[in-house]
1. Between a first residue in region 190-206 that is open to solvent by 20 Å² or more (accessible area, probe 1.4 Å) and a second residue that is part of a strand (DSSP E or B) and polar (S, T, N, Q), which pairs have beta carbons less than 7 Å apart while being 6 or more apart in sequence or on different chains?
2. So which residues in region 302-314 are of a type outside the set (Ser, Thr, Tyr) and buried (at least 21 other Cβ atoms within 10 Å of the Cβ)?
3. Looking at region 70-119, which of its residues are among the charged types (D, E, K, R), closer than 28 Å to Met395 by Cα and more than 17 Å from the chain's Cα centre (by Cα)?
4. Count, please, the residues in region 354-379 that happen to be open to solvent by 50 Å² or more (accessible area, probe 1.4 Å), farther than 24 Å from Val89 by Cβ and out of contact with any Asp or Glu (no Cβ under 6 Å at 6 or more places or on another chain).
5. Can you confirm whether Ala32 is out of contact with any strand residue (DSSP E or B) (no Cβ under 7 Å at 6 or more places or on another chain) and either at pLDDT 85 or above or among the acidic types (Asp, Glu) (or both)?
6. Output the strands (runs of 3 or more DSSP E) that fall wholly within region 275-394 and possess 2 or more residues being without any contact (Cβ under 8 Å) to a residue 60 or more places away in the chain, or say none.
7. Would a scan of region 4-22 turn up a residue that is of a type outside the set (Val, Ile, Thr), closer than 17 Å to Ala100 by Cβ, buried (at least 18 other Cβ atoms within 10 Å of the Cβ) and in contact with a helix residue (DSSP H, G or I) (Cβ under 8 Å, 6 or more places away or on another chain)?
8. What single numbered condition from (1) touching a helix residue (DSSP H, G or I) at 6+ places or on another chain (Cβ under 9 Å); (2) over 30 Å from Ile480 (Cα atoms) fails to hold for Leu383?
Amino acid sequence: MHSPVLVLKDSLKRESGSKVQHANIQASKAVADIIRTTLGPRSMLKMLLDAGGGIVVTNDGNCILRELDLAHPAAKSMIELSRTQDEEVGDGTTSVIVLAGEMLHVAEAFIDKNYHPTVICRAYNKALEDAIAVLDKIAMSIDVTDRATILGLVKSCIGTKFTGQFGDLIADLAIDATTTVGVDLGQGLREVDIKKYIKVEKVPGGQLEDSKVLKGVMINKDVVAPGKMRRKILNPRIILLDCPLEYKKGENQTNAELVKEEDWEVLLKMEEEYIENLCIQILKFKPDLVITEKGLSDLACHYFSKAGVSAIRRLRKTDNNRIAKACGAVVVNRPEELQESDVGTGAGLFEIKKIGDEFFAFIVDCKDPKACTVLLRGASKDLLNEVERNLQDAMSVARNILKNPKLLPGGGATELTVSASLKQKSSSIEGIEKWPYEAAAVAFEAIPRTLAQNCGVNVIRTMTALQGKHANGENAWVGIDGNTGAIADMKEQKIWDSYNVKAQTFKTAIEAACMLLRIDDIVSGIKKKQAPGAGPTPSKPKIEEEGDADNEQMIPE
């Protein structure tokens with residue numbers, strides 16, 4: 001007999017074949033189970049302790065998974081899913097994971113029967129195409145200007161979140177904010193940049209009901225000299241600067257040698273004159289408010305307060321851009337180049353208020369603001385963070401609708417319709433792919449089933465009734481009312497989902513399931529730890545990433 005040949009190092013672990021697929025499916029199901037209870041209006045909250053000892057209380061799928069530290073590579077890629085979903089459309093982070101977990105779960109039976117993974121994937125992809133086709137069929141377009149419809153939509157997105165209990169409050173905030181910053185690009189396209197032009201300011205204290213969307217910008221700054229400068233200006237003329245109003249220091253260190261002591265005074269005088277000139281150039285335009293991103297010297301401050309101009313210094317660049325958008329000013333780099341058109345006159349009121357124990361400057365009542373600030377008030381930090389996350393989701397949904405005004409029924413109705421249509425189609429599919437295709441159809445029922453579970457109704461009865469209603473792909477709008485668990489018409493309940501979100505959810509979930517199914521080998525090689533003193537020990541421990549696992553064999557020790 002030949003002696004066995006060792007190809008892999010002893011330290012390398014290699015699992016292959018269906019064992020790997022089972023492990024991956026197990027891991028993904030575990031991830032899905034973690035956040036399964038956070039789907040729907042009757043969802044539970046999760047409390048997470050992060051590394052710093054801080055507490056996160058949330059039911060935002062993406063947020064939970066972001067905080068988790070997982071060891072299994074398959075589980076890690078599941079987490080990526082929800083992150084993609086969050087960045088792409090902002091909602092449906094939980095559904096994506098639940099759906100992907102279910103897709104893998106139904107595939108397990110086929111792997112046991114020695115189906116080849118690619119066959120299953122092929123069937124899944126076919127199912128995905130047909131599912132999207134069904135979505136197109138039942139989607140209904142809406143009028144973007146009709147506020148009530150959009151409100152219903154955003155509410156169904158937030159109804160599942162913690163702030164759902166505050167009624168229309170957050171939904172209103174989100175719609176106000178997104179409609180404010182929407183920019184028409186022409187050809188019916190709308191660009192809504194949530195990140196750049198909507199700022200969320202969290203101020204602890206007060207009640208949630210005090211939250212509002214400002215028609216303008218709010219910044220956490222006071223004027224430079226509070227006693228001397230005006231703190232409330234009606235219809236201010238605003239100048240935004242991007243340069244320091246102090247004496248220019250050289251780029252590198254300069255030494256000046258003075259021969260006569262009078263020269264010293266001359267030098268000082270030159271500095272003063274330089275600043276005075278800057279100020280005169282700015283004051284020519286009779287501004288009421290000067291805001292600069294850089295420093296503002298005492299002398300400049302004196303000139304301004306003498307002229308009755310308020311000044312704010314050291315503002316963040318992003319905030320400056322927002323103010324420019326809100327009041328129609330242009331951020332100027334050099335005072336010499338100021339023009340009348342650069343002065344912002346769009347704001348109706350500049351005022352400084354004390355909220356809690358900090359001063360905030362408000363530039364509000366703008367005529368046609370293209371930027372806004374959402375002011376959130378609430379009892380505690382945790383509460384505010386959760387509200388902010390909900391607001392982010394709500395704004396994303398509002399943005400999706402403005403971009404693509406098509407609706408689908410919520411409450412699991414879409415999934416049931418898709419499922420019923422796919423079951424019908426599966427009879428016309430030839431060959432071996434029929435069974436995985438049918439299984440994919442069944443997997444879509446995971447969403448309504450989870451909704452029913454979270455309401456605490458009799459799951460089997462509800463699901464059978466729903467399947468009966470949806471039998472031939474009709475009654476597309478019948479789903480589960482997430483609060484009561486009763487079967488209801490989603491049109492009457494005004495429970496909608498945005499088309500973008502649903503389509504993205506299906507695509508992401510199925511593609512991820514296919515990817516995980518096609519993994520048939522996991523090689524994990526961890527180098528043996530060296531004995532102490534037996535050579536250079538690495539200063540920081542090497543963290544194994546999924547990427548490193550493969551090329552471990554090639555590195556000579």
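The values are calculated or read from the model by the stated rules, or taken from the named source; none is laboratory data. Every value quoted in this text rests on a predicted model; they were computed, and no experiment measured them. Every residue, glycine among them, receives a Cβ derived from its backbone with ideal geometry; neighbour counts consider all protein chains shown. With ligands, DNA and RNA removed, areas are computed over all heavy atoms of the protein, side chains included. Shrake-Rupley method; radii C 1.70, N 1.55, O 1.52, S 1.80 Å.
1. Lys199/Thr373; Glu201/Thr373
2. First, the residues of region 302-314 that are of a type outside the set (Ser, Thr, Tyr): 302, 304, 306-309, 311-314.
The answer is Phe304, Val309, Ala311, Ile312, Arg313.
3. Just the residues of region 70-119 that are among the charged types (D, E, K, R), to begin with: 76, 80, 83, 86-88, 91, 102, 108, 112-113.
Add one more test, that the residue is closer than 28 Å to Met395 by Cα, and what stays is 76, 80, 83, 86-88, 91.
Result: Lys76, single match.
4. So in region 354-379, the residues open to solvent by 50 Å² or more (accessible area, probe 1.4 Å) come out as 354, 356-359, 365, 367-368, 370, 379.
Subsequent filtering for residues that are farther than 24 Å from Val89 by Cβ retains 354, 356-359, 365, 367-368, 379.
Narrowing further to those that are out of contact with any Asp or Glu (no Cβ under 6 Å at 6 or more places or on another chain): 354, 356-358, 365, 367-368, 379.
Residues that pass the stated criteria total 8.
5. On the way: out of contact with any strand residue (DSSP E or B) (no Cβ under 7 Å at 6 or more places or on another chain): yes; either at pLDDT 85 or above or among the acidic types (Asp, Glu) (or both): yes.
Taking the combined requirement at face value, the residue satisfies it.
6. 289-292, 349-355
7. The first filter runs over region 4-22 and keeps only residues of a type outside the set (Val, Ile, Thr), leaving 4, 6, 8-19, 21-22.
Narrowing the set further to residues that are closer than 17 Å to Ala100 by Cβ leaves 21-22.
Retained after the next criterion (residues that are buried (at least 18 other Cβ atoms within 10 Å of the Cβ)): 21.
If we keep only those that are in contact with a helix residue (DSSP H, G or I) (Cβ under 8 Å, 6 or more places away or on another chain) too, we end up with 21.
Yes, region 4-22 contains a residue that is of a type outside the set (Val, Ile, Thr), closer than 17 Å to Ala100 by Cβ, buried (at least 18 other Cβ atoms within 10 Å of the Cβ) and in contact with a helix residue (DSSP H, G or I) (Cβ under 8 Å, 6 or more places away or on another chain).
8. Result: Leu383 passes all but (2).
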